[in-house]
Structures are given as structure tokens and as C-alpha cells.
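Notes follow the structure.
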Amino acid sequence: MANPLMKSKQGKFPTYQSHLSSLPPSSSSSSSNPDFEYDVFISFRGKDTRKRFTTHLYSSLEGNGISTFMDDEELETGKAISPELLRAIKNSRLFIIVLSENYADSRWCLDELVHIIENLRPKSYIIPIFYDVDPTVVRHQKNSYAIAFSDHEKKYKDQVDKINRWRLALTAVANISGWHLNDQSEVQFIEYIVKEVFRKLGDTSRLLDELDTTIELVNRLKGTYKGFSGAISHEFRLRKSDDHRQHGFRYDVFLSCRGENTRNHFVDNLYHALHRHGIATFRVDETLRMGSEIVPQLLQAIKNSKLSIVILSRNYASSAWCLEELVHILECRKKVGNQVLPIFYGVDPNAVRHQTDSYGEAFAEHEERFNLEKVKKWRDALRKVTNLTSRHLDKRHEVDLIDDIVRTVSRQLRALVGMAYQLNKLNSYLDSDVNDVRIIGLWGVAGIGKTTIMEVNYNMISENFEVCCLLANVKEESLRFGLTALQQQLLRRLPEVPEKISVRDVQHGIGLIRDHFCSKRVLLILDNVDKLDQLEALAGDSSWFGSGSRIIITTRDKNLLASLKGVKMCEIEGLNHGEASELFSFHAFGQNQQLEHYDMLCRHVVEYANGNPLTLKGIGRFLFGKNINEWIYSLNNIKSLRKNQIFNTLRISYDSLDEESKAIFLYISCFLDSKNVDRVSEVLDCCGYPSKIGMESLIDISFITVSNNIVRMHPFAQKMGWKIVHRECTSKPVKCRILWHHRDITEVTSRNSGTESVEAIVLDNPELEGHWNRKAFTSLCNLKLLSIRSNIHLPEGLEYLPQTLRLLKWRRYPLKSLPPDFCPSQLVELKMCHSQIEQLWWEEKLFNDLKCINLSHSRNLTKTPDFTWTPNLEKLILEGCTSLVEVHPSFGTLKRLRILNLKDCISLRSLQCAAMSLESLQICFLSGCSKLEHIDQLVARLVLGSPNILKLSLRNCDLEEGAIPSDIGCCLTSLEVLDIGRNKFSSLPKSIRQLNKLKFLGLAHCNQLKSVPELPSNVEYVEARDCSSLHTFSNPSNVRTSIDFVLSFINCFNLAQNKDCRSTALTWLKAYLGSLMPDNQNQELSQLSGRFDIIVPGTRIPEWFRHQNNMGPSVTIPLPPNRNNRNWIGFAFCVVFIVHQNYSEEESSSIEINCQLYADESRIGNRFGFCISNNTALKSDHLWLRYVSNGSIGKRMLRWNRIGQITASFETESHCLEVKKCGLRAVYKQDMEEKNKRKFQYICSPTEDLGVGFFSNDK
């Protein structure tokens, strides 16, 4: 009997693998998957094609080394398919289905086809060949196929399910892109097929075959599709609210640009790049920019675009059209949630923000042509757009910038899907135009997008509030650090509250929050709240917050919100079908539309997700890059998703990551969440992981977000990370990568049971206490990161620390030294604050990679190591090492040292070196080192050998007259902060005026200082409190270039040769006003920025303030009806106040005076003022004078000509501070006595507590 099977003979032809090996090296093909016995299985109807087409095809495949299986004989009627045939189907990688006219006649062929589809494996393909039959005949079983099925239905009338499976199999395979013979030559046809087979067998990159099969097919072929429960309807039923949410976004991007600057080059290239990535972009036709008004077509395009790219070029502001477009773009951002991405093309962002250079020239012309209100809107729009996250050409190549923009836009579009409806709904609850206090609760199921919506809304509206605070993941943070820590975090958002504020307990914290926030317009976000005590501790009642405040809470517990008084509940709904499809497509295909032939699979995945964005992102990301057969295989193996949908979806996304990205995910989930993005990158890079690529991968699958430079992980993703780590520690200790839970760490350290797979140990709870043995780390031979903040005792000492450590951070290290053999050659960071270390190491050990040594507050440290062996050290921080006597002279050779902090090393005597070459030094703190020998020589060497210092603190270093080098202004040309308070010199070198980048000058408590020479024009803050001998402070004769200027002369009673200090304050104010005058005298000053503050001893309000109240804390001025509104530039305020002696008895760490403006009894702008710390004693009455620019006051002042009177109310909540008198003056252009040009600079933070802190919430 003849063998019924005909297959390739091994050895007759070269194998497919050997054929590939013979290809030239440039070929992209790769060897076949060894799991497959055959490369190709041919299914065909023998009587139609056996002795013609199929035999020729088989021979051609075999002749080209492609291992092929072809069945040789027809199956006898009633006979089942043989096991050998079934095994061949299971072990073949690619299936060629030759669909001929009589294919459907054969039950054998139909059963064979069903088995092929049911046994598809990853990287398997189906290629249909339509031989003398139209694909629609096969797809819909017409003509000969209809006749065949008519016969089958009669013959197998008791097997309806089988017949339906045959029909579905034919329909599915006919939907796959295949080959149709038509009228072409069979020889040429076969050659094409063989080439296609070679391509598919060799392509292992994306493997995106085009198959449009359906979940329903698998439902019916297999009874139930394992990834889903039950059969799934073809029709997607919209939820009840969906008919209200069909948003008509027509474009993805609106491009706003000045055509003559960029259109022929950059914009064209950007437009085509966006188009190539499937991003629908509206580009303005210049013919639409005609006439005096913006045409409705452009307004509609802006509104119907999800994102606007604003290309700010040199002449952008010269176009009124562009400026009007920008106003409408920002209005849509506020009202609808449309995103905006500014691009600075050949222009300095500061020139745009403050309308200087070409922008200033453009606005000078606009103010001659347009009305004040319109021009003010344009200025405001430019200032706002520069505060958004942007991209800057700078020195980058245009191609790199365009690539960056396209990536950013793609990422933002993914995040925007379904956002407009939810934001509109939330904004209707917020109703920011109403001045009441509102608490809004966002609730919805896990993964629905509560946090994302909240963050987008926060960025949209935060500029409208005095104080903004986002407390992320309240549930987990309160468990880890307690509610008082969250209360402290909230209080620290206030400028008048010190960084180290102490909250004794929750009730104390409630009182502080209520007292400090009750008069402020606050935006507070409490994310992921799950218990009532969290709400009660942070936002227990609306009365805690000032008028106009908004508190937004996100939670999964609707009942929790119902228990809070006055809360408005807003349900976050799932995405509708269109939104869900778009979001899924972004993650599954990298574009906002599905690939052809995938619509049925996508439809069922979308319906399964039920509008949950996290589920859609997770499944989409997992399927990205897989071919359709792998989709089916993968979805079949997603089991029991209904039970733990979110966690299983997240696990799918996690499993799709490469090993390095998985490690980065676990690191962030365990100990890098809510950290600064730069610090996260440092730690990951330190541990040998590619931080940038890894974090981008996690952002793409929505595991993390980066907002305001803070990395935040989705709470569910973080929980999953914890579970993965804990499961590895308990069930798979050999694979355990991170030890993070204190029980797991105790288990390893007490039993010495660690393995070589452990990379990181993090014990981050300072309240925990433990006792470890001396061999705790002996089995951890591959440990890279060790971070301990808990109180760990080592009664037996410590025998060993791993040599593989790259980051060692051990707070309160209990031993006097490190293990003697410890020499980690790859160590990057050594941080052991508050330790018992006496000396790091005695022997010479090379640490070539070491960049940071931080032993601050290690009170037993007496000397430092030889820095010759740490040539790449960048940070040396020894603050508060009170026993430190000597720093090794080799520190002067550290050419890469950026930070040197020896603050409060009160025993330090020797800081000498033969030659100082600290060319990279940027920050140097020596404050409190009062015992340093030869301090004058040290300062001279420091000034000469460190030309790039930005911050220098020599406070309380016993500096006498002449200790500050006379050439300091010539040497330290980059210096921004100079703090030389609490010293003994009587004068300053004149060259100090040459410090052209100086922002802060600290002179506090210099009791012998008699005079201060002329200062550089860019200084923004001079702190000279308690300079009891200060007699002369040079007049401001030079041109000011900073827009903010603050002077503090608290307790300086001898200032200006005992003249009335009131004249000093007024002289400086008028000089400051003169500096605001533009070069063009005819230019209108409608949108000035900046402020001026000064505090000096004084008892009287200067007469220059025409409106005064000598009996109380408020003053009102009437405004004349015929005033020159075009020349109004702001307000000046003056207050006489006193702090009573019992101030120190107060519990609060500071007290404040704040001012609120009212226009005809309506509040305008935000409050401003200053606070005084409890260690600052005022010995008599003092005078505070402030100027506030017109651009800082608020939108209500746009109706300046309709206002009848202005009232300034000065308030304090402390009984220790009394406002005795106050004055107010409207300032006009004629009040400026000098004409000077200005440019924007920024305020640098001081190095010490100044005793007085000025605050302003100007936007």
C-alpha cells in the first residue's frame, strides 16, 4: 500500500536552516524556530491542484531548501484525520491554504483547516492562495462553496456545530491577505509565493502579518475563548452617558507659527514628520490671515485640535494674528483641556516672557495701533505660554528637535484620549469664577484615570491660586510616614513656614493648617485617599481655607466622600467606544488608528476592557509588535482576567518589558517613587541600568509619570511591584533582586541567607530598630545598593561589606570604622550621615568611580582620607562634623569637585593645600568654621583657584578687615550668592560691584561693618539686619537690571549717618521705579513685572504716600474719574509695625503681615507680605515699603477705568505683631525719575535663615 503522506526527505534537499546559512551576511533572515519540524504545511483539494499547481509549488519550496509537508492521498469517506497528519499541523510554522473551486467539497480539507487555526502558535503564519476562485466566494460561501455546504448540511444534519466551525474557518482565512492567481502565469505566481515564504520565515523583527480573524471565531471553534468569559457580542453598547460625550476633535495638532520666519524650513519639516507618524495636523494657510479679525475657520480648528504647537520665533509677536491665535489657544486649554507645547525657535524664552528685544519692539507698535485691553491680553498670553513645559532649539540640530517634538506629541496625545469630556465635567464642579470654598471628590474604579485627570487639571488651573499643593498617593504615604508627615508637607508649601517645621501630633497639625490657610486661596489635591482620618487631618472642613479655594480628592470609595461635609461628588467614567479604540490603538499599533484587518480583534479587546484606560494600555502595550497569530495565542493565554483585571493587565505589561526595564520598575516601586527625576536617574545609572530608556518604557505603559520633575508611580503598579519583590523573596529566593520589606531583610541578615541575585537592600523606616550579626552581608556577593535609615545595631561589629557596592547609604552607622577589607572599586556614592565613623579608611585605596562623600553630622570624625585616591570626587559634604580637625591637603587637587560643604565644622583648624585648583567648584560652604587658621590666605587661594563658584558662604568665619580679597569682583565672575554675615570686617572691597551675576548678598550681624560700597545692578536681595554700626549704604546711582529687589535693614539704626531712614527707603524705591522705564519714552507700560521690598527702622509714613491711616491697618484711596490710565504702573504700600517682646513665647515658628487689595470692595489679585522668624528680635518700630507692578495685580484691573476706589488691608493673626500705620499710593509713569533698560533675572536662595521672608503670589 502506498504511503498516504508525501513529505520532504531529509538529505534530498538542503534544509531551510542550511539555506539561510548560505545567504550573504547582509541578509536579515534568521534560522527557523527549532520548535517547528516543518517550515511549511500545504493544505489543498487534491482533485483540483494535486498534479498541477500544488505539486509545482511543493517542488519549488523544497528546491529552495524549505522543509515542506504535503498530504498525498484523499482521506476515505468517514475516516478521521490520522495522528501523523495532526502532528504535522502542530509542528509546522507556516500554512499555505490552496483554496480552489472544490476545496469545500472535502470534509477532510475543512477539518484540516479547523485544526490549523486551532493550533496556531506564536510566530506562525497562514498564507491563503486563491486558485481559480474569488476570495468573496470563499469568505461568504457562495457559488460552488454554497453548493458544497448545502450537501454537508444534508449529510451531517446532526453535526450543526461542526458545519458552523467549517464556515467560520473559511471566513477567517479568506480575510487574511493572500495571493490570487487571476490570469497571471503559474510559474511567476509560484516564484512570488516562494519569495513571500522566505520573507515571513526570515522576518523576526515585527512579524506584523495582516490577519482579520475574530474572537467570535475562536469562541465558536473552541467553545469559549479562554481570555474572556462567554461569547462576546459584535455590537458595542455605549453607556448611558456616552451620547453626551462625542467630542468633535478633528485634528491632533494645530500649528501656530509666524510664516515668514519658519514656514519654508522648520515648520515644513515638522509638519511632514507629524504626518508620517499618523498625527493629523492643521497648518494655517496664510490666505486665512487677512483682514482685521481672525476667521471662524481658524477658531474652529484651534478648538477642534487636541494639542497646539506654538512656534515662538523672533518675529512671532509682530503678527497680531499670531497673538490672537495664542489667546484663543490658551482659552481652549483652560476651558476644554487642550494641551499646548511651546517651541522657542531662535529666541530667548526670557525675551518672550518679558517682551524684550524684538518682542518689546513689536509691542511698542501694537500699543499705537490697538486698544489697551487687547494688548494686555496678548502680553498675558505670552507670559503664560512661557511658563508651560516647552522645547528650545538652542544649540540643537533641527532634526533632533523635530524628533523630540514628535515623541512628545505622541506621548501627550496618548495621555489626552478621553480627557476633554472628563475635564469639562470636573471644571463644571470647580466653577473657578465663584468665590466660595469647594471640596470636590473624584471617585471611580481602579485604573479609570482619576489621578491622570487630576494632574492635568492641576496644571491647567494652578496659576489661579495663591498656594498649590499636590499630595500624591495619600494612602501609601500615610502608612509609610504617618499623617503628621503629610501635614508638614502641606504646610511647607507656604513661603512663610520654615522648611523644618515640627508638627507634634495630628491635632497640632490641624490647628496649624487651619491658622495658616484660612485666609489664602488654595488649590489642594489629595490623591488616592482611602480613610476618613486622612481627610480629617488634611482638609477636614471648608472653613480651613480662604475664599476661592478648591480641594480635590481622588478615591475609589464613594461612601468615604459621602461622610465628608459639603463635598461635591464627581464620578470618573470609563472611556466610550471611540475613545477606548483610539487609546488601545496608540499602545497596540503606535498610532491613533487600528491597522487594517485588526478591527474585529480590537473591538473585542475594547469591549472586554469596559472603558478602563489602564486595562487598554496594558493589553495594547503587551500586543505591540506581535503579529495577528501571536495576538490570538497571547489572548488565549490571558486567563481569569475578570477576577483581577487590573493586576493581571499590569502584569501583562510588566512581562512585556526587557529585564533591565523590569529591574528599573522594581527599583522605582520600592524606593524611588515620588523622588526627583534627576535623583532617580543618578541611582539607576549608579546601579548600571539605563535610566533614560528604562523610564521612557515605563512612561509608555503608564507605570510612571514625570510631572514637575517628580517621578510618580501608579499606585496599582507600585503594589504589583511590591508583590513581585515579596514573592521573589519568599517563594523564589534564588531570583530575589531587591530586599525592601523589613521582615525579608531581617530574615536574610539574621540567618545569613542572602543569595548572589540580591542587588539592592533598602530599609527606609527611621522608626524601626534592629540588631544584626557581624556576618549579615557575607552571602550578598553581588549587592550594588545598600540604603539604611533605620536604627541598626551591630553589637558584634561587622565582618564584611560587599565589594560590589556602588551606592552605600547608611544613616546612623553604629561603628567607628568600615570593615578593613572593604574596597568597592565601583563605589559611586558614600553617604553615612549621623554616623559614629572616626575615619573612613586608613590604608591607600583607589576609588576611581567615587563621586560623592557625605558624612555630615558624624560628630566623631576627626580627619578625612587622602583624596589623591578619589580623583573624580564631585561632592564632599562634611557639614556638622564637630570633631573634624583637618581636611587632607589633597582636597585642593580635586579638579572635578563641584560641592564643598564644611558648614559648622567648629573644630576645623587646617584647610590648607600647596596649590588650590578647584576649577569645577560651584558651591562652597565654610560658614561656622571660626577656628580655621590663616583664614585670609585660605580665602585668597579659594577666590583665585575657584573661578566658577556660584554660591560662597563664609558666614561666621572670623573674617577681619582685609580678609576678603580686593580683587574678588575680578575673580569670581560667576558668583550668584555671597553670604559673609557674622564677621568682623568694617568695609567691603569696591570691586564687589563687578560681580555682575550676584543675586544675594548676606551681611547679617556684621556688627563692625560701617559702610557698603556701590553694589552690582543685578543684586536682588541684600540682607543686612543687625548691622549695628552700619552708617553708609551707597546710593543706587547705577542702572538696575533685576526686576525684583529686596533690602532688609532690620535694627540698622545708624544707617545713612543717623538720618531719617524714611528717606533711604524712598530713595531706593524711586531708583527702582526709574529702572523700569523703557528706552522708548512713548511706550505704554501696561504689563510690568517685578516688585520692590525694603524694611528699615522707622516710625512715620513718608509724605510721598498721599493717602495714610495713622490709626489702623487699612487705607483707601479714591481714583479720579479723568485719570490717565495708560500711565498707571502699579501701587506702592507702606506700613509701620512693631513686634512685641512676648513673641518668643508663641508656638508658631514665624508670624506674618499680609496685604489684600480691594477694588470697590471686590478682592483683586492675591495676597502678599512678609514673615518674621521667631529668632529675629525687632528692637523698635520698623517701616515696610513695597511696590507691586501693574502686571502682578490681576485680571480685574483690566477694568481700571471703571474702578472708583482702591483699599489696602494689612492683616496679621499674631497678637505679638501690631500694624500701627499704613499708606498707599497709585504709581504713575511720571513717578519714575530715571530711564533705564531692564532684563529678567531670577532670585537665588540664600544660604541661611534670613529672619525675614518676603512672599508674593503674583502670577
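The values are calculated or read from the model by the stated rules, or taken from the named source; none is laboratory data. Computed from a predicted structure; not experimentally measured. A quick note on method: Cβ atoms are made from the backbone with ideal geometry, for glycine too, and the neighbour counts reach across all protein chains shown. Note: areas computed on protein heavy atoms with side chains; ligands, DNA, RNA excluded. Shrake-Rupley method; radii C 1.70, N 1.55, O 1.52, S 1.80 Å.
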Failed item in (1) surrounded by fewer than 22 Cβ atoms within 10 Å (Cβ to Cβ); (2) free of Cβ contacts under 8 Å to residues at least 60 places away in the same chain, with Leu490 passing the rest: (1)
Of all residues in segment 438-468 being among the hydrophobic types (A, V, I, L, M, F, W, C) and open to solvent by 40 Å² or more (accessible area, probe 1.4 Å), the one that is modelled with the lowest pLDDT: Val445
Condition check for Pro820: loosely packed, with under 15 Cβ neighbours inside 10 Å and either under 38 Å from the mean Cα position of the chain (by Cα) or under 21 Å from Trp772 (Cα atoms) (or both): yes
Restricting segment 595-630 to residues that are within 22 Å of Ile117 (Cα to Cα) and among the β-branched types (Val, Ile, Thr), the residue that is surrounded by the fewest Cβ atoms within 10 Å (Cβ to Cβ): Ile628
Conditions (1) of a type in the set (A, V, I, L, M, F, W, C); (2) out of contact with any Ser or Thr (no Cβ under 7 Å at 6 or more places or on another chain); (3) farther than 18 Å from Ser787 by Cα: number failed by Phe847: (2)
Filter pass, Ala537 being touching a helix residue (DSSP H, G or I) at 6+ places or on another chain (Cβ under 7 Å) and surrounded by 16 or more Cβ atoms within 10 Å (Cβ to Cβ): yes
Single unsatisfied condition, Phe985 versus (1) touching a strand residue (DSSP E or B) at 6+ places or on another chain (Cβ under 8 Å); (2) aromatic (Phe, Trp, Tyr); (3) farther than 28 Å from Asn872 by Cα: (1)
Unmet criterion (only one of (1) in a loop (DSSP other than H, G, I, E, B); (2) open to solvent by less than 10 Å² (accessible area, probe 1.4 Å); (3) at pLDDT 90 or above) for Arg812: (2)
Single unsatisfied condition, Val417 versus (1) modelled with pLDDT of 80 or more; (2) open to solvent by 10 Å² or more (accessible area, probe 1.4 Å); (3) in contact with an Asp or Glu (Cβ under 7 Å, 6 or more places away or on another chain): (1)
Helices (runs of 4 or more DSSP H) enclosed by segment 649-763 - at least 2 residues per element that are more than 26 Å from Leu780 (Cα to Cα) and open to solvent by less than 30 Å² (accessible area, probe 1.4 Å): 691-700, 715-730
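Condition check ((1) in contact with a helix residue (DSSP H, G or I) (Cβ under 7 Å, 6 or more places away or on another chain); (2) part of a loop (DSSP other than H, G, I, E, B); (3) more than 24 Å from Gly880 (Cα to Cα); (4) hydrophobic (A, V, I, L, M, F, W, C)) across all residues:
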position	(1), (2), (3), (4)
Gly928	no, yes, no, no
Lys931	no, yes, no, no
Val943	yes, no, no, yes
Asp958	yes, yes, no, no
Leu978	no, no, no, yes
Asn983	no, yes, no, no
Leu998	no, yes, yes, yes
Filter result for Asn872 (without any contact (Cβ under 8 Å) to a residue 60 or more places away in the chain, over 31 Å from the mean Cα position of the chain (by Cα), surrounded by fewer than 18 Cβ atoms within 10 Å (Cβ to Cβ) and assigned to a loop (DSSP other than H, G, I, E, B)): no
Candidates Asn338, Asn371, filtered to the one that is crowded, with 19+ Cβ neighbours inside 10 Å and modelled with pLDDT under 85: Asn338
Number of the exception - Asn435 against (1) part of a helix (DSSP H, G or I); (2) touching a Lys or Arg at 6+ places or on another chain (Cβ under 9 Å); (3) polar (S, T, N, Q): (1)
Segment 477-502, subset among the basic types (Lys, Arg) and not in a helix (DSSP H, G or I), residue modelled with the lowest pLDDT: Lys500
Positions within segment 448-476 being closer than 30 Å to Cys1155 by Cα, assigned to a helix (DSSP H, G or I) and β-branched (Val, Ile, Thr), in sequence order: Ile461
Pairs, first within 18 Å of Glu112 (Cβ to Cβ) in segment 148-166, second of a type in the set (Gly, Ala, Ser) and surrounded by 12 or more Cβ atoms within 10 Å (Cβ to Cβ), C-beta under 7 Å, six or more apart: Ala148/Ala104; Phe149/Ala104
Residues satisfying the stated conditions in segment 316-331, i.e. open to solvent by 10 Å² or more (accessible area, probe 1.4 Å) and in contact with a Ser or Thr (Cβ under 8 Å, 6 or more places away or on another chain): Ser318
Residue identified as under 19 Å from Lys875 (Cα atoms), out of contact with any strand residue (DSSP E or B) (no Cβ under 8 Å at 6 or more places or on another chain), of a type in the set (Gly, Ala, Ser) and modelled with pLDDT of 90 or more among Ser953, Ser920, Ser927: Ser920
Sole residue being of a type in the set (S, T, N, Q) and closer than 26 Å to Met419 by Cα, chosen from Ser549, Ser542: Ser549
Any chance Ser1149 is open to solvent by 10 Å² or more (accessible area, probe 1.4 Å), modelled with pLDDT under 80 and more than 36 Å from the chain's Cα centre (by Cα): no
Checking Ser790 against (1) within 21 Å of Ser478 (Cβ to Cβ); (2) modelled with pLDDT under 90; (3) of a type outside the set (A, V, I, L, M, F, W, C), the condition it does not meet: (2)
Residues within segment 661-715 that are of a type in the set (Phe, Trp, Tyr) and under 18 Å from Leu471 (Cβ atoms), tallied: 0
Qualifying strands (runs of 3 or more DSSP E) (wholly inside segment 503-589; at least 3 residues being modelled with pLDDT of 85 or more and under 26 Å from the mean Cα position of the chain (by Cα)): 522-526, 550-555
